């Protein structure tokens, strides 16, 4: 078997360039061993499977053409496809001309090596048109969440179906096909589950941020906190409010001076009742429900780390507050870097972990991170302000997951399960920065953490006293006023941008409405010109920092959903397809105009209050 070293090296270099470095490293290690034990490549690029004593293709040319034609016919005008099996990569190369992205899933390292020595995919790999996914890679979930969350991907995830490269895979990889299909569908749901157009959270978060800006600019600047404290101590304990927390409290109280304690707001009352003083309390609630967590007086040096989109009443109540902007375009656009940026996530414990990482902690011990009900059916620790059996947790659909320690199963629900996946994503991405020790001793097993009892963690990591820090000061009043003026100027620019897009979108909507209600036979050339007008507006929307800052993400998902319905109908006639495309876009414009108008009102209210 003669591998084409030149082609193979070009393809591996393309993988290393950023499209999939872990796969490239695995291939390089594999090639050093030269252990092709199962597959070999013939001169005509057919692959022989020694285990099953069969060639991959009964008739190479005919089967390639059959699957090429079938996949194109099954996905007309699709922006992407997912393909199981790389085979000899000739089909991948041929299909790449027709899609923005092709995601190729494969479990056999030998087949990756053979394929990448047969066909030059370096341009496709470098550009991101073709992405190769090792389905046995430990961090494959992380890879999928990153890939599917791309701006030109998440809108069209409802088009997903898994195609196979050839008949060989359906014969010998039936179970693998089923498993990877379920895995992909699960992670698509994680990406799109929170993109509910009826959710009030994006607008509420935005309104809170606008209202909080003056108070934020008078709080402790996040960058000042980092400059004074980053890297000054190695060991942190992140405390969540899961039911397993109660059994750890006595030991935590004894060792609290030997670790920096990050406390999710829901566990604050429980800690204070045991005379445990947290160093940081995190909060990111959009509503004022979390006020119930702050009924007791906090220690004088505790820092309240608060998301800038937290309910304004929280900021009014708390002292020693460090209001932090999220690492998202909507906040980054305002240029207030002294008060950001941090990927606080959607769950308060996530906020605690990223804050600990940003402060440079190398050892992070997790307590109360159950993400599951305990044996008694409790959802939270004793002392949780809304009760151990919080009724809100009963509303969600339940499912079973692998339990802590890998022994048996635990009962969770989909919201907790989403949190678990997102925490695993966080931990896998930061594995080189810190080591995460799950000392919860209960609940669900969380990947990319080492399970260790809290007693063992204390013996191994808590050997010296933590430093004492003074509470950092806020900005001088004159500087705070200058930043507020800068904030107001940016908001005024956003107001004008919003009005321009409202005018353009309304004009196009009215034009489409007139066209579709004209009851005329619309010529193909005319419909093509209408689509060109739509694409012109789309280009403006897709390249606008204002429109793409995340605030309207759910609305753009609806654009993809409505167009996906048209694409799913697989209309062959171009004229009929364009007609339905225009109808779908008009329907979406109505949603977009409504959302844009709501955002405009939020900006106007914020400017009026200034």
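Filter segment 2-17 for residues that are modelled with pLDDT under 90, in a helix (DSSP H, G or I) and under 19 Å from residue 92 (Cβ atoms) and give the result. Let's see the steps before the verdict.
We begin by selecting, within segment 2-17, every residue modelled with pLDDT under 90; these are 2-5, 17.
Pick out the ones that are also in a helix (DSSP H, G or I) and you get 5, 17.
Scanning segment 2-17 gives a single hit, 17.
Check 145, 132, 185 and return the single one that is farther than 25 Å from residue 89 by Cβ, in contact with a helix residue (DSSP H, G or I) (Cβ under 9 Å, 6 or more places away or on another chain) and either in the same structural domain as residue 81 (by TED's automatic domain parsing) or in a helix (DSSP H, G or I) (or both).
Details: 132 fails: farther than 25 Å from residue 89 by Cβ; 185 fails: in contact with a helix residue (DSSP H, G or I) (Cβ under 9 Å, 6 or more places away or on another chain).
Going through 145, 132, 185 in turn, just one is farther than 25 Å from residue 89 by Cβ, in contact with a helix residue (DSSP H, G or I) (Cβ under 9 Å, 6 or more places away or on another chain) and either in the same structural domain as residue 81 (by TED's automatic domain parsing) or in a helix (DSSP H, G or I) (or both): 145.
Of everything in segment 192-208, what is crowded, with 18+ Cβ neighbours inside 10 Å and more than 30 Å from residue 487 (Cα to Cα)? Give them in sequence order.
Matches in segment 192-208: 192 only.
Scan segment 410-432 for residues that are in contact with a helix residue (DSSP H, G or I) (Cβ under 6 Å, 6 or more places away or on another chain) and in a loop (DSSP other than H, G, I, E, B) and jot them down.
Listed by number, the list holds a single entry, 430.
Evaluate segment 305-312: report whether one residue or more is touching a helix residue (DSSP H, G or I) at 6+ places or on another chain (Cβ under 8 Å), assigned by TED's automatic domain parsing to the domain that holds residue 351, over 21 Å from residue 336 (Cβ atoms) and in contact (Cβ under 8 Å) with a residue 24 or more places away in the chain. Explain how you work it out, then say what you get.
At the first step, the residues of segment 305-312 found to be touching a helix residue (DSSP H, G or I) at 6+ places or on another chain (Cβ under 8 Å) are 305-312.
Now narrow it down to the ones that are assigned by TED's automatic domain parsing to the domain that holds residue 351: 305-312.
Retained after the next criterion (residues that are over 21 Å from residue 336 (Cβ atoms)): none.
No, there is no match, as no residue in segment 305-312 is touching a helix residue (DSSP H, G or I) at 6+ places or on another chain (Cβ under 8 Å), assigned by TED's automatic domain parsing to the domain that holds residue 351, over 21 Å from residue 336 (Cβ atoms) and in contact (Cβ under 8 Å) with a residue 24 or more places away in the chain.
Restricting attention to segment 47-69, report how many residues are over 25 Å from residue 128 (Cβ atoms) and under 39 Å from the mean Cα position of the chain (by Cα). So that I can check it myself, show each step before the final result.
Our first condition is that a residue be over 25 Å from residue 128 (Cβ atoms); within segment 47-69, this holds for 47-63, 65-66, 69.
Those left that are additionally under 39 Å from the mean Cα position of the chain (by Cα): 47, 49, 56-57, 63, 65-66, 69.
Total meeting the criteria: 8.
Name the one entry in 96, 5, 24, 73 that is out of contact with any helix residue (DSSP H, G or I) (no Cβ under 9 Å at 6 or more places or on another chain) and either free of Cβ contacts under 8 Å to residues at least 60 places away in the same chain or farther than 17 Å from residue 117 by Cβ (or both).
Values: 96 fails: out of contact with any helix residue (DSSP H, G or I) (no Cβ under 9 Å at 6 or more places or on another chain); 5 fails: either free of Cβ contacts under 8 Å to residues at least 60 places away in the same chain or farther than 17 Å from residue 117 by Cβ (or both); 24 fails: out of contact with any helix residue (DSSP H, G or I) (no Cβ under 9 Å at 6 or more places or on another chain).
Answer to the check: 73.
For residue 123, indicate whether it is more than 26 Å from residue 555 (Cα to Cα), touching a strand residue (DSSP E or B) at 6+ places or on another chain (Cβ under 7 Å), part of a helix (DSSP H, G or I) and not assigned by TED's automatic domain parsing to the domain that holds residue 342. Please lay out each step first, then the result.
On the way: more than 26 Å from residue 555 (Cα to Cα): yes; touching a strand residue (DSSP E or B) at 6+ places or on another chain (Cβ under 7 Å): no; part of a helix (DSSP H, G or I): yes; not assigned by TED's automatic domain parsing to the domain that holds residue 342: yes.
It is false that residue 123 is more than 26 Å from residue 555 (Cα to Cα), touching a strand residue (DSSP E or B) at 6+ places or on another chain (Cβ under 7 Å), part of a helix (DSSP H, G or I) and not assigned by TED's automatic domain parsing to the domain that holds residue 342.
Please note which helices (runs of 4 or more DSSP H) are completely contained in segment 244-322 and include at least 2 residues that are under 16 Å from residue 385 (Cα atoms).
Values: elements: 249-255, 268-273, 312-317.
Ranges flagged: 268-273.
Filter segment 334-355 down to residues that are under 17 Å from residue 449 (Cβ atoms) and crowded, with 24+ Cβ neighbours inside 10 Å, then give me how many there are.
From segment 334-355, those under 17 Å from residue 449 (Cβ atoms) are 345, 347, 349-350, 352-354; that's our starting set.
Next, only the ones that are crowded, with 24+ Cβ neighbours inside 10 Å stay: 349, 352-353.
Residues in segment 334-355 being under 17 Å from residue 449 (Cβ atoms) and crowded, with 24+ Cβ neighbours inside 10 Å: 3 in total.
Suppose the filter is within 19 Å of residue 357 (Cβ to Cβ) and part of a helix (DSSP H, G or I); does residue 341 pass it? Reasoning before the result, please.
On the way: within 19 Å of residue 357 (Cβ to Cβ): yes; part of a helix (DSSP H, G or I): no.
The answer is no for residue 341.
Can you name the condition, by its number, that residue 606 falls short on among (1) loosely packed, with under 14 Cβ neighbours inside 10 Å; (2) modelled with pLDDT under 95; (3) assigned to a helix (DSSP H, G or I)?
For residue 606, the failing item is (1).
Taking segment 453-469, which residues are within 30 Å of residue 405 (Cβ to Cβ) and part of a loop (DSSP other than H, G, I, E, B)? Reasoning before the result, please.
Filtering segment 453-469 for residues within 30 Å of residue 405 (Cβ to Cβ) gives 453-464, 466.
Those that are within 30 Å of residue 405 (Cβ to Cβ) and part of a loop (DSSP other than H, G, I, E, B): 453, 462, 463, 464, 466.
Would segment 209-225 turn up any residue that is out of contact with any helix residue (DSSP H, G or I) (no Cβ under 8 Å at 6 or more places or on another chain), surrounded by 19 or more Cβ atoms within 10 Å (Cβ to Cβ) and assigned to a loop (DSSP other than H, G, I, E, B)? Reasoning before the result, please.
Going through segment 209-225, the residues out of contact with any helix residue (DSSP H, G or I) (no Cβ under 8 Å at 6 or more places or on another chain) turn out to be 220, 225.
Checking the rest, the ones that are also surrounded by 19 or more Cβ atoms within 10 Å (Cβ to Cβ) come to 220, 225.
Restricting the remaining residues to those that are assigned to a loop (DSSP other than H, G, I, E, B) gives 220.
Yes.
Could you tell me whether residue 86 is under 30 Å from residue 577 (Cβ atoms) and in contact with a helix residue (DSSP H, G or I) (Cβ under 8 Å, 6 or more places away or on another chain)? It would help to see each step written out before you state the result.
Numbers: under 30 Å from residue 577 (Cβ atoms): no; in contact with a helix residue (DSSP H, G or I) (Cβ under 8 Å, 6 or more places away or on another chain): yes.
No; evaluated as a whole, the condition is false for this residue.
Filter segment 50-82 down to the residues that are buried (at least 17 other Cβ atoms within 10 Å of the Cβ) and either out of contact with any strand residue (DSSP E or B) (no Cβ under 8 Å at 6 or more places or on another chain) or within 14 Å of residue 169 (Cβ to Cβ) (or both) and list them by number.
56, 57, 60, 63, 64, 67, 71, 78, 82
Determine, yes or no, whether residue 361 is in a helix (DSSP H, G or I) and either assigned by TED's automatic domain parsing to the domain that holds residue 239 or in contact with a strand residue (DSSP E or B) (Cβ under 7 Å, 6 or more places away or on another chain) (or both).
Working: in a helix (DSSP H, G or I): no; either assigned by TED's automatic domain parsing to the domain that holds residue 239 or in contact with a strand residue (DSSP E or B) (Cβ under 7 Å, 6 or more places away or on another chain) (or both): yes.
Judged against the criteria, residue 361 is not a match.
Which condition number does residue 393 fail, the rest of (1) touching a strand residue (DSSP E or B) at 6+ places or on another chain (Cβ under 7 Å); (2) modelled with pLDDT of 90 or more; (3) surrounded by fewer than 20 Cβ atoms within 10 Å (Cβ to Cβ); (4) not assigned by TED's automatic domain parsing to the domain that holds residue 323 being met?
Unmet for residue 393, out of (1) touching a strand residue (DSSP E or B) at 6+ places or on another chain (Cβ under 7 Å); (2) modelled with pLDDT of 90 or more; (3) surrounded by fewer than 20 Cβ atoms within 10 Å (Cβ to Cβ); (4) not assigned by TED's automatic domain parsing to the domain that holds residue 323: (2).
Residues checked against (1) exposed (fewer than 12 other Cβ atoms within 10 Å of the Cβ); (2) under 37 Å from the mean Cα position of the chain (by Cα); (3) assigned by TED's automatic domain parsing to the domain that holds residue 120:
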site	(1), (2), (3)
15	no, yes, yes
19	no, yes, yes
24	no, yes, yes
32	yes, yes, yes
37	yes, no, yes
40	no, no, yes
45	no, no, yes
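The values are calculated or read from the model by the stated rules, or taken from the named source; none is laboratory data. In this text, all values refer to a predicted model and were calculated from it rather than measured experimentally. Glycine gets a Cβ as well: all are built from the backbone with ideal geometry, and neighbour counts include every protein chain shown.
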